[in-house]
């Protein structure tokens, strides 16, 4: 006997009991996961990860610093890579996008580049050990969207551009948390957005790669109520003479002392110069931790 259409509709509207939370499925984890943990503290929130040049640079690249071994890369996203522009008010913002570009994404990752680079860096498959290819694959394969926009500057205009893009993209995928991945000077823009009352509730996490930041940034985050806290990852490397790592570590420690249960991680790479984090960060581990913290 056929079931009434109304009953069928009601059944379809009820979510499956015990449905698994959204997480990123594995993709080349054996190549990109942290290989050796040299030191750990604060229940694993602080880790020093080995950077071994013979393994992580010389054996990984076919042309050092310019072209990674093809086994680290999957070029499937090339077919879905869109070069887009959107006019928001008086601003026209150009950006590359991979994944659920038209909306309906389950997660949004926006790469905010640093000084001396541009949006092309964030979609280059071959540099930085193939790690940008990995984040593009992770988003495309997990119903997410990844954006790499242009910036006019690192002050008010650039901040307004990324703010507009965050709000635009979040409106297309209203249930998706927004993760800002901020390189070096780009972290200044990201911290301004954390302070923005319209942007902050949309954020699922802040990924700070060799960031430019100061004590005021951490003090602001520490003052957030528990429900508003944004998971933070800070990365650095011991040979970074551009930004350095000691002040980053000190800010992390100060946060753990002030707010012991704040969701913040610090990863220090045992060697490597400024920008190494682009090569070494484990995107999947980071994003899955942030998704777990936010209860997504």
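What the table shows:
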{"quantity": "Span per principal axis, largest first, for the Cα atoms of segment 109-158 (Å)", "calculated": "34, 23, 10"}
{"quantity": "Contact order relative to length of segment 30-293, as percent, for alpha carbon pairs under 8 angstrom and 6 or more apart", "calculated": "19"}
{"quantity": "By average C-beta atoms within 10 angstrom, highest first, the peptides 167-174, 98-105", "calculated": "98-105, 167-174"}
{"quantity": "Of (1) 19.8; (2) 20.9; (3) 22.7, the label for Kirkwood radius over Cα pairs in Å derived from the coordinates", "calculated": "(1)"}
{"quantity": "Relative packing of peptides 208-214, 156-162 - highest average C-beta neighbours within 10 Å first", "calculated": "208-214, 156-162"}
{"quantity": "Inter-label distance, nm, simple model (7 Å from Cα along the C-beta direction), residue 253/residue 76", "calculated": "4.4"}
{"quantity": "Backbone N under 18 Å from the residue 197 label point (7 Å along Cα→Cβ), restricted to segment 84-123", "calculated": "none"}
{"quantity": "Long-range tail of P(r) for segment 165-216 (Cα pairs > 18 Å, %)", "calculated": "29"}
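Every number in this text was worked out from the coordinates using simple rules, so none of it is lab data. All values reported here derive from a predicted model rather than from experimental measurement. When we count neighbours, we look across all protein chains shown, and the Cβ atoms used for this are built from the backbone with ideal geometry, even at glycine.
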